[in-house]
Amino acid sequence: MFKDKILHLFDLDGTAIDSLHRVAPCLEANGDLNLSRYRAEACQHEKIMADSLLPLADHMRALIDKGESVGICTARVMRKSDYVFLRQHGLKTALIASRDRLHKAFPPEMAQAIMRSGDAAYKAAWLQHLKATRTETTIHLYDDHDGVLAAAASLGVVTFDAKTINERLDLAFRQGMQEALDQQAQDDFDMLPDEALPLFDDHGALTFGAIMQNQ
Ligand SMILES: [Mg+2]
């Protein structure tokens, strides 16, 4: 079957949103989120609102603005503050696969088991559900978690490593900025009228002689 629809699926933390200031203390060694610690320490409204955007957020917003099919697949338990942040930055999508929504897609016992799973198994469950319910869709997943990317690839999902892309976009942005600044400096120089260069015809008034004698 020819699949012509693409669902662009974005992870949030470390992919579109830089929340490291509050999430870092809640990460296990393998990159999984320690959920209980995360909920207890990282989810206050002020902390969520202090998050910033990563370069991929621009790509995500552009896809949303173009009317493409865009979704979120996050390990978060989404709360009001999370939605406020997404709306404020134009990143709210109709489809959100989050831990608090598992019960909408899976039978209760299964939802409970998936809820307790590590990131890779948790997201693999969502991806399988999305694949099963959208058979004519190819999923493009943007994520920064190596285990998630590997699990997704094994499910036939097209994967994009957010770590690499964000680094490249950031570098390109900084290079672009530098080129723009260089160009501006060059333009400013080219714009200088000749009259702005000081004309000095009275060479006899120069005092090089005195300088030379001092040496
Ligand atoms: Mg992540």
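Could you give every pair whose Cβ atoms fall below 9 Å, whose first residue belongs to the stretch 53-73 and is over 19 Å from TYR83 (Cβ atoms), and whose second residue is surrounded by fewer than 18 Cβ atoms within 10 Å (Cβ to Cβ) and small (Gly, Ala, Ser), counting only separations of at least 6 or pairs across chains?
Cβ pairs passing all conditions: PRO55/ALA172; GLU68/ALA62; SER69/ALA94.
Can you confirm whether the stretch 166-178 contains a residue that is of a type in the set (Phe, Trp, Tyr) and within 16 Å of the ligand (Cβ to nearest atom)?
no
Looking at the structure I just gave you, is TYR83 out of contact with any strand residue (DSSP E or B) (no Cβ under 7 Å at 6 or more places or on another chain), aromatic (Phe, Trp, Tyr), under 20 Å from LEU33 (Cα atoms) and within 16 Å of the ligand (Cβ to nearest atom)?
Criteria not met by TYR83.
Scan the stretch 81-94 for residues that are surrounded by fewer than 16 Cβ atoms within 10 Å (Cβ to Cβ) and β-branched (Val, Ile, Thr) and report the count.
1
Quick check on my filter: what residues within the stretch 146-187 are farther than 16 Å from THR74 by Cα and assigned to a strand (DSSP E or B)?
VAL158
Of the residues ALA57, ALA97, ALA124, ALA113, which is modelled with pLDDT of 95 or more, closer than 26 Å to VAL157 by Cα, more than 19 Å from the chain's Cα centre (by Cα) and crowded, with 17+ Cβ neighbours inside 10 Å?
Working: ALA57 fails: more than 19 Å from the chain's Cα centre (by Cα); ALA97 fails: more than 19 Å from the chain's Cα centre (by Cα); ALA113 fails: crowded, with 17+ Cβ neighbours inside 10 Å.
Just one listed residue meets the conditions, ALA124.
Would you say LYS92 is over 16 Å from the mean Cα position of the chain (by Cα) and under 27 Å from THR138 (Cβ atoms)?
On the way: over 16 Å from the mean Cα position of the chain (by Cα): no; under 27 Å from THR138 (Cβ atoms): yes.
It is false that LYS92 is over 16 Å from the mean Cα position of the chain (by Cα) and under 27 Å from THR138 (Cβ atoms).
Select from the stretch 60-80 the residues that are away from the ligand (no atom under 16 Å from the Cβ) and of a type in the set (D, E, K, R) and write down the one among them that is surrounded by the most Cβ atoms within 10 Å (Cβ to Cβ).
Result: ARG61.
For the stretch 10-27, which residues satisfy the criterion of being free of Cβ contacts under 8 Å to residues at least 40 places away in the same chain and either more than 11 Å from the ligand (Cβ to nearest atom) or outside any strand (DSSP E or B) (or both)?
Scanning the stretch 10-27 gives SER19, LEU20, HIS21, ARG22, VAL23, ALA24, PRO25, CYS26.
Among the candidates TYR142, TYR122, single out the residue that is touching a Lys or Arg at 6+ places or on another chain (Cβ under 8 Å), in contact (Cβ under 8 Å) with a residue 24 or more places away in the chain, within 15 Å of the ligand (Cβ to nearest atom) and not in a loop (DSSP other than H, G, I, E, B).
Exactly one of TYR142, TYR122 is touching a Lys or Arg at 6+ places or on another chain (Cβ under 8 Å), in contact (Cβ under 8 Å) with a residue 24 or more places away in the chain, within 15 Å of the ligand (Cβ to nearest atom) and not in a loop (DSSP other than H, G, I, E, B), namely TYR122.
The values are calculated or read from the model by the stated rules, or taken from the named source; none is laboratory data. Note that the structure is a prediction, hence the values are computed from the model and not measured. Here Cβ is always computed from backbone atoms with ideal geometry, including for glycine, and neighbour counts include all displayed protein chains.
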